[in-house]
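Notes to accompany the following structure.
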Amino acid sequence: MAIPDILLSNQNLGLLALVSIIPLIILYLLRPRTMDMNVPSLLFFLKRQQQRNKLSLLLQKIIRDPMFLIQLLILVLLSTAIAAPYIMEERVSGQHTVIVIDNSASMQAGGRLDTAKELAAGRLSTVNSVVWAQNVPVMALKEADRTSAAKIIDLTPQRAVTSDLAAAITYAQRLAGPGGTVIVFSDFASWSGDDPLVAKGLAEQDGVRVEFVQVGEASGNIGIINGWLDVKDGAYNLNLAVKNFNDRKATVSLDIRTGNEKRGGTLSIPAHSTRAYIVPDLRTGVTEVSISNGGALSLDDTAYVYIPSAAGGRVLLVDKRNEPPTVTALGLLPVSVQHTTTLPGNLSEYNVVILGSVDNNSLGQNAAAVLGGFVKDGGTLIATASVGLTNLDSSLLPIDITGMSNETDLKMVSESPLTSGIPFTDIEVVRHIHGTAPDTATVIMKGSDGSPMLSYWRQGEGTVIYLGLNDITGDDAWSGFNTMPQFPLFWKQMLEWTGGSYVDEYNMKTGSVLRLLTRQTITSPDGTVQTTSNVWVDQTGLYYIGEQVMAANLYDAGESDVDHIAIDASSISSRYTERPEVIRSEVKKDLSPYIILAVLGLLLLELIIILRRRELF
């Protein structure tokens, strides 16, 4: 067997560390040495000293002291360790085992995931990788030893998603390589994507051993398998589908909680049947509906719903003009609109307040306090472009105003129901407010100079929307926005959005990905906090995105049916085709630990020599 080449990761650092040898040599040359000699006379001593070869003296001075050799070797070894030496090993790919753990929703029933972790920890080999089978395969660990793999397996999280077992097997096949082994730990109750048996057969024909290990047993369950909102007579109703997967009829109790308000109900469900339950007249905010006696899986026992606080209610337009075009547009809509030229001191009877063309007289002295309290209590404030906005508290609006500017071109930043079907980019803007968007604001439309032209954010329990356009007409017009035929359509979509008609945006199914325009702080249902622009919804409950709230539910009949086992792993045959191949591993084998051990041994030897010489004290 050929000796492998020793390579260096940090060659420059190692060479730099070798410079430390020079001071050691100089110190040993300068250090005085005592010599015991029988000298008959001083003249003889001087004569003997002159005859000594200088080069011989130098070498003997260095070599005779074992302490110097030990310390020199220590410095050389430490310099080598700093250079991070390693070798490249060749190994048969069959040494590589890839553990695939299904951590989907159904694996939370009856301790199935805990059983899978325990079994997987006992099937590790010399080199191991770990893949979590979710709706998208997740590589948790690549090519590590038994200890590291066991730790990662123990950390496998519970997730409220379905699993794509076939995709996970295919991914694990590429990691293992020909001759490698893939072991799948799953309940094989349900999955998304292709049939895992097909993926297993393809991997085995490619020379990869695939073994199915079944965990868990069939368990009874009753769960909420679907839910949706509808609007009737101005009220929101939650429609739930509850299924009994058991062999006998069951009666479940429902506990409905919205804030401090509680109500309940009962539902009788025949065996293997689904029954509907309607929760009428939902209030704004968070509502939780839980069923009792749910069975083995608890994830589907509770439905979470969030309705924005601005849903429904009256609309107030504050505009110093008597008949602004916005009043006409709002009059075409089936909403109750009141127009006033001054801001009232009490806004409790309104859910939406629109600021049109305003100034100090129309806003009053306490505008910031009145509007701020209105929004924090759950109201929606829509501020259209007006010079009077510069007098408001800068922390209220989703724009940091820096001044006034002239022409700009409109650019769409993201899609939104607010702008659907309206050609905003065709609008000619001759005047606008210049500013920047705060980090936590969501920008839908901006000007060519970067100023936000349509943005919003959450404040307390409410929402503040800034529209960089207005309906001023005549020679003082800022744009042609109000002359567009889609002008009433915009206000229709705006009130539908603020009124909660797009409430589905706040209620999602697990397995979805929510993409944000900016990085924000996200608090997951389990309390985990992260700062990101992409939210993978893989838990049931409430997500807090900045000051926004989003509800997530499983709503998956396949995952809820933990009484069904789709594949009996014990009856699966193998199509494995052996292909003995030797594959050169690209994994570096670090030699630094061995060098450090050698250094420690030399230090111990040096200490022994010092003790024998009695030079320690």
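The values are calculated or read from the model by the stated rules, or taken from the named source; none is laboratory data. Remember, predicted model here, so these are calculated numbers, not experimental data. Here the Cβ positions follow ideal geometry from the backbone for every residue, glycine too, while neighbour counts run over all protein chains shown.
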- Query: Is it fair to say Ala241 is in contact with a His (Cβ under 7 Å, 6 or more places away or on another chain) and either farther than 30 Å from Arg123 by Cβ or assigned to a loop (DSSP other than H, G, I, E, B) (or both)?
  - Reply: no
- Query: With respect to the numbered conditions (1) in a loop (DSSP other than H, G, I, E, B); (2) surrounded by fewer than 21 Cβ atoms within 10 Å (Cβ to Cβ); (3) in contact with a helix residue (DSSP H, G or I) (Cβ under 6 Å, 6 or more places away or on another chain), which one is the sole condition not fulfilled by Asp471?
  - Reply: (2)
- Item | Identity of the residue in the stretch 368-385, crowded, with 23+ Cβ neighbours inside 10 Å, of a type outside the set (A, V, I, L, M, F, W, C) and at pLDDT 90 or above, that ends up farthest from Leu454 (Cα to Cα) | Thr380
- Filtered residues of the stretch 352-367 (kept if without any contact (Cβ under 8 Å) to a residue 40 or more places away in the chain and either crowded, with 18+ Cβ neighbours inside 10 Å or of a type in the set (Phe, Trp, Tyr) (or both)): Val353, Ile354, Leu355, Ala367
- From the list Asp194, Asp187, which residue is free of Cβ contacts under 8 Å to residues at least 60 places away in the same chain and under 27 Å from the mean Cα position of the chain (by Cα)? Asp194
- Item | Failed item in (1) on the phi > 0 side of the Ramachandran plot; (2) part of a helix (DSSP H, G or I), with Gly378 passing the rest | (2)
- Any residue in the stretch 421-433 that is in a strand (DSSP E or B), more than 21 Å from Thr340 (Cα to Cα) and not aliphatic (A, V, I, L, M)? yes
- Query: Among Glu323, Glu288, Glu349, which is closer than 23 Å to Gly462 by Cα, surrounded by fewer than 14 Cβ atoms within 10 Å (Cβ to Cβ) and out of contact with any Leu (no Cβ under 8 Å at 6 or more places or on another chain)?
  - Reply: Glu349
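For the structure I just gave you, tell me whether Arg263 is farther than 30 Å from Glu217 by Cα and under 34 Å from the mean Cα position of the chain (by Cα).
No.
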- From (1) more than 12 Å from the chain's Cα centre (by Cα); (2) β-branched (Val, Ile, Thr); (3) farther than 25 Å from Met107 by Cα, pick out the condition that doesn't hold for Thr521. (1)
- Report, by residue number, each residue of the stretch 384-416 that is within 24 Å of Thr326 (Cα to Cα) and either among the hydroxyl-bearing types (Ser, Thr, Tyr) or assigned to a strand (DSSP E or B) (or both). Thr384, Ser386, Thr390, Ile401, Met404, Ser405, Thr408, Leu410, Lys411, Met412, Ser416
- One residue from Ile422, Ile444 being touching a residue at least 24 places away in the same chain (Cβ under 8 Å) and more than 27 Å from the chain's Cα centre (by Cα): Ile422
